[in-house]
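Let me begin by presenting the structure, written as structure tokens, before commenting on it.
The values are calculated or read from the model by the stated rules, or taken from the named source; none is laboratory data. Just so it is clear, the structure is predicted and the values come from calculations on it, not from any experiment. Note that we place each Cβ from the backbone using ideal geometry, even for glycine, and neighbour counts take in every protein chain shown. All accessible areas refer to the heavy atoms of the entire protein, side chains included, with ligands and DNA or RNA removed. Shrake-Rupley method; radii C 1.70, N 1.55, O 1.52, S 1.80 Å.
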Amino acid sequence: MATQTMPVLVLQPSSGWFRLNLGEVWDYRELLYFLMWRDIKVRYKQTALGAVWAVLQPTLTMLVFSIFFGRLAKVPSDGIPYPIFAFAALLPWQLFAFALTESSNSLVASQNLITKVYFPRLVVPMAATFAALVDFAVAFVVLLILMLFYGIHPTAAIVFLPFFLLLALATALSAGLWLSALNVKYRDVRYTIPFLTQFWLFATPVAYPSSLIPKPWRALFGLNPMAGVVEGFRWALLGKSNGTGPLLLVSIAAVLVLLITGLRYFRKMEASFADIV
Amino acid sequence: MSALAFRVNQLSKLYSLGRRGPYKTLRESLNDTVTRCFRRSNSKTRDADLPENIWALKDVSFDILQGEVVGIIGRNGAGKSTLLKILSRITEPTQGSVEVYGRVGSLLEVGTGFHPELTGRENIYLNGAILGMKRTEINRRFDEIVAFAETEKFLDTPVKHYSSGMYMRLAFAVAAHLEPEILLVDEVLSVGDAAFQNKCLGKMGDVARSGRTVLFVSHSMASIATLCTSAILMRDGAVAHQGRPEACIDQYLAGINESKGQTDLREGKECRRGSGDARIVAARLTDTYGVPSDRFECQGELVIEMEIEGVAQIPSFLSTIAIRTRTGITVLHLPSPPDLSWSSINTSGAATVRCRIPQCGLYPGSYVVSLWIGKNAHQELDWVPDALTFSMEQGALTSYGFDMSWRHGLYLCENSWSSARCGSEPDVEWPTMAGDFVH
């Protein structure tokens, strides 16, 4: 008799231990890529304006902010022309808001996949998050044109931009992990997301500078990781900000906590996704 | 002895049927948590006994060897699909374990993840990736997939413009080129037209012959019988029988009708059709002496009787009886003469219709009887598929030493043989059936 080899895999009820198994996500990187690619390809299909939407969304928001907050409410902008000041913050904000919304709904939207095929479920919210990068790239070009128009040159700090971009994605993904897993069980989440992003926008210094916050409270403000991201973007692109330093460190810590707990919750719920979605 | 592919060990799966739906709202969940706090008992053990919870699988254990092609059969709700879902890692078992020896690919649905806005070409890549194929693998097999699907011309058309046939062909083509060591397939071959179904079955046959392990859920006894090397019969979440496909199919069909050659059809039966103005309320099989039975001898008399209610309003009607093998081949289709006269009408207004086959030549094996009545060929009154099952035995018939197996034939009809020397009149005639065999 042939000696029985070890099983490749043992399927049993998960023991509740915290196993991340990120190596498996790496094995499925091609699926991640294809799901991202699908989301991007399909996004502006059958729209009259197509990819122009990626330009219009941040530009129109910037115009509205400039008129109401910049012109009428006279919100200070750290000495930067208000449109640039707002756009540099809207760039990561819209990336975040879009990625958060998409990833939160991603599992429920992929119901047909989840109940019919196995793959690490993490791939789904990850793909939804990363697919938001394309709109970001388009809007980034708009920002560069705007900066050229206002005669503002990026400083050497721009090399740190990828780091802040990563931080924005990590924030969106970790919140997305929590919300997408919760959404599978409680469809209430879907209706909460529009409010959540709206409140989150007010808690983030997009329309106003964080210098408006009294100094002792500023670091605490960093508990909202997007505050760190937005101030980081302004610093890296425009060279001026009050946000870096303690605020940023608090933001990084907050993201790490949110990401690790999010992964953990997601992994714990993963086993039952196919049964309750 | 070959190596194991799966070792399934005391596998159980509990599903909780929510009171209102598959998922709870946040408020309900909070409510439950609060109530549970106050109850303060070990609710975990009690939960399983609540009527809202059902064991879709209970203590299922079996081994599957590499290279086996295993058919899984059973009624709806017997746990077949749950089993496949656990084996393909879509859901976790509640108890027990499965040891898997090899790379598993599952095909629980064709076209999973197809996106209507994407073109055929794009969907091949997307669907391939979802099924676990690498991009290089898809590139390598791309032309084969397209040729199999016969959709070359429409590769760059969004699949939302495809006809449903084209869509299914493309979807199956991708799946058919999946090459895992172990393949799990759930009732997916029942799509498309007959020609395409044959093509799919052929492909499944190739996969089976290539030495890969296949687990295959189907309601088509014909495909189970032709494709599988062994089978598992599931009943109420447990394994009722594991062994040769024929044995499992026999048990499965016998399970449909537990009664010996007679059945009460007053209660609804699955898949029943027709207006119901007149209904078949009972059916039975009897031998020459009118004794109900479910075992008959080849060349013996077989009588099929059905009791019909509600005939008072219907002046005349038609009936047909179909007898098919367990593998789904209809051997006999017996239409009644255009206007049936009643053999008897009893006090309750029910009538009995009797169909007599004096020398039933069905070969030994299991058979299924379906009954139909209608006002005419187009107005259906009642149709009862799989109403009765029975088995034929070789019995006294010798057949001159030949093995009367369904491998050789299905029906023995009256015939006569003669032999003659060349150029002369036939000198001897050998009638075979009437004289020799039946007494």
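Of everything in region A:90-112, what is free of Cβ contacts under 8 Å to residues at least 60 places away in the same chain and in contact with a Leu (Cβ under 9 Å, 6 or more places away or on another chain)? Give them in sequence order.
Correct list: A:Ser110 only.
Just to check your reading of the model, which residue among B:Gly105, B:Gly165, B:Gly132 is at pLDDT below 90 and on the phi > 0 side of the Ramachandran plot?
Values: B:Gly105 fails: on the phi > 0 side of the Ramachandran plot; B:Gly165 fails: on the phi > 0 side of the Ramachandran plot.
The conditions single out B:Gly132.
What about A:Ala170, is it within 25 Å of A:Val206 (Cα to Cα), free of Cβ contacts under 8 Å to residues at least 40 places away in the same chain and open to solvent by 20 Å² or more (accessible area, probe 1.4 Å)? Break it down stepwise before answering.
Working: within 25 Å of A:Val206 (Cα to Cα): yes; free of Cβ contacts under 8 Å to residues at least 40 places away in the same chain: no; open to solvent by 20 Å² or more (accessible area, probe 1.4 Å): yes.
Taking the combined requirement at face value, the residue does not satisfy it.
Search region A:45-68 for residues being surrounded by 16 or more Cβ atoms within 10 Å (Cβ to Cβ) and not β-branched (Val, Ile, Thr), and hand back the single one that is farthest from the other protein chains (Cβ to nearest Cβ).
Applying the filter and picking the extreme gives A:Ser66.
Here are some residues: A:Leu95, A:Leu100. Which one is among the hydrophobic types (A, V, I, L, M, F, W, C) and out of contact with any Phe, Trp or Tyr (no Cβ under 6 Å at 6 or more places or on another chain)?
Details: A:Leu95 fails: out of contact with any Phe, Trp or Tyr (no Cβ under 6 Å at 6 or more places or on another chain).
Exactly one of A:Leu95, A:Leu100 is among the hydrophobic types (A, V, I, L, M, F, W, C) and out of contact with any Phe, Trp or Tyr (no Cβ under 6 Å at 6 or more places or on another chain), namely A:Leu100.
Could you check B:Glu246 against (1) part of a loop (DSSP other than H, G, I, E, B); (2) within 17 Å of the chain's Cα centre (by Cα); (3) at pLDDT 75 or above and say which number it fails?
Here B:Glu246 clears every test but (1).
Please specify each residue of region B:403-439 satisfying the condition of being at pLDDT 65 or above, surrounded by 11 or more Cβ atoms within 10 Å (Cβ to Cβ) and among the aromatic types (Phe, Trp, Tyr).
Within region B:403-439, B:Trp406, B:Tyr411 qualify.
So which of B:Pro315, B:Pro338 ends up being loosely packed, with under 13 Cβ neighbours inside 10 Å and in contact (Cβ under 8 Å) with a residue 12 or more places away in the chain?
Working: B:Pro315 fails: in contact (Cβ under 8 Å) with a residue 12 or more places away in the chain.
Answer to the selection: B:Pro338.
Results for (1) in contact with a strand residue (DSSP E or B) (Cβ under 8 Å, 6 or more places away or on another chain); (2) modelled with pLDDT under 80; (3) over 30 Å from B:Arg7 (Cα atoms); (4) among the polar types (S, T, N, Q), shown as yes or no for each residue.
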site: B:Ile224; (1), (2), (3), (4): yes, no, no, no
site: B:Leu233; (1), (2), (3), (4): yes, no, no, no
site: B:Ala238; (1), (2), (3), (4): yes, no, no, no
site: B:His241; (1), (2), (3), (4): yes, no, no, no
site: B:Arg273; (1), (2), (3), (4): yes, yes, yes, no
site: B:Arg284; (1), (2), (3), (4): yes, no, yes, no
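When region B:198-222 is examined, which residues are found to be assigned to a helix (DSSP H, G or I) and in contact with a strand residue (DSSP E or B) (Cβ under 8 Å, 6 or more places away or on another chain)?
Of everything in region B:198-222, those that are assigned to a helix (DSSP H, G or I) and in contact with a strand residue (DSSP E or B) (Cβ under 8 Å, 6 or more places away or on another chain) turn out to be B:Met204, B:Val207, B:Ala208, B:Met221.
What are the pairs with Cβ atoms under 8 angstrom where one residue, in region A:24-38, is closer than 15 Å to B:Met133 by Cα and more than 8 Å from chain B (Cβ to nearest Cβ) and the other, located anywhere, is at pLDDT below 90 and in a helix (DSSP H, G or I)? Sequence gap at least six, or different chains.
Pairs that qualify, where the first residue is closer than 15 Å to B:Met133 by Cα and more than 8 Å from chain B (Cβ to nearest Cβ) and the partner is at pLDDT below 90 and in a helix (DSSP H, G or I), are A:Leu32/A:Val25.
So that you can scan it fast, the table gives a plain yes or no per residue for (1) basic (Lys, Arg); (2) open to solvent by 10 Å² or more (accessible area, probe 1.4 Å); (3) modelled with pLDDT under 90:
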residue	(1), (2), (3)
A:Arg218	yes, yes, yes
A:Met226	no, no, no
A:Val229	no, no, no
A:Gly232	no, no, no
A:Gly239	no, yes, yes
A:Gly243	no, no, yes
A:Met269	no, yes, yes
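Does A:Val184 satisfy the condition of being in a helix (DSSP H, G or I) and away from every other protein chain (no Cβ under 11 Å)? Don't jump to the end; show me each part of the working.
Numbers: in a helix (DSSP H, G or I): yes; away from every other protein chain (no Cβ under 11 Å): no.
So A:Val184 does not fit the description; no.
In region A:79-96, which residues are under 18 Å from A:Val55 (Cα atoms) and open to solvent by less than 20 Å² (accessible area, probe 1.4 Å)? Before you say what the answer is, go through the steps one by one.
Pass one, region A:79-96, residues under 18 Å from A:Val55 (Cα atoms): A:83-96.
Correct list: A:Ile84, A:Phe85, A:Ala86, A:Phe87, A:Ala88, A:Ala89, A:Leu90, A:Leu91, A:Pro92, A:Trp93, A:Leu95, A:Phe96.
What is the number of the single condition among (1) within 13 Å of chain B (Cβ to nearest Cβ); (2) among the charged types (D, E, K, R); (3) more than 21 Å from the chain's Cα centre (by Cα); (4) part of a loop (DSSP other than H, G, I, E, B) that A:Asp78 does not meet?
The number of the failed condition is (1).
For region A:251-267, which positions are buried (at least 20 other Cβ atoms within 10 Å of the Cβ) and more than 14 Å from chain B (Cβ to nearest Cβ)?
Initial filter on region A:251-267 (buried (at least 20 other Cβ atoms within 10 Å of the Cβ)): A:251, A:255, A:262, A:266-267.
Correct list: A:Ser251, A:Val255, A:Gly262, A:Phe266.
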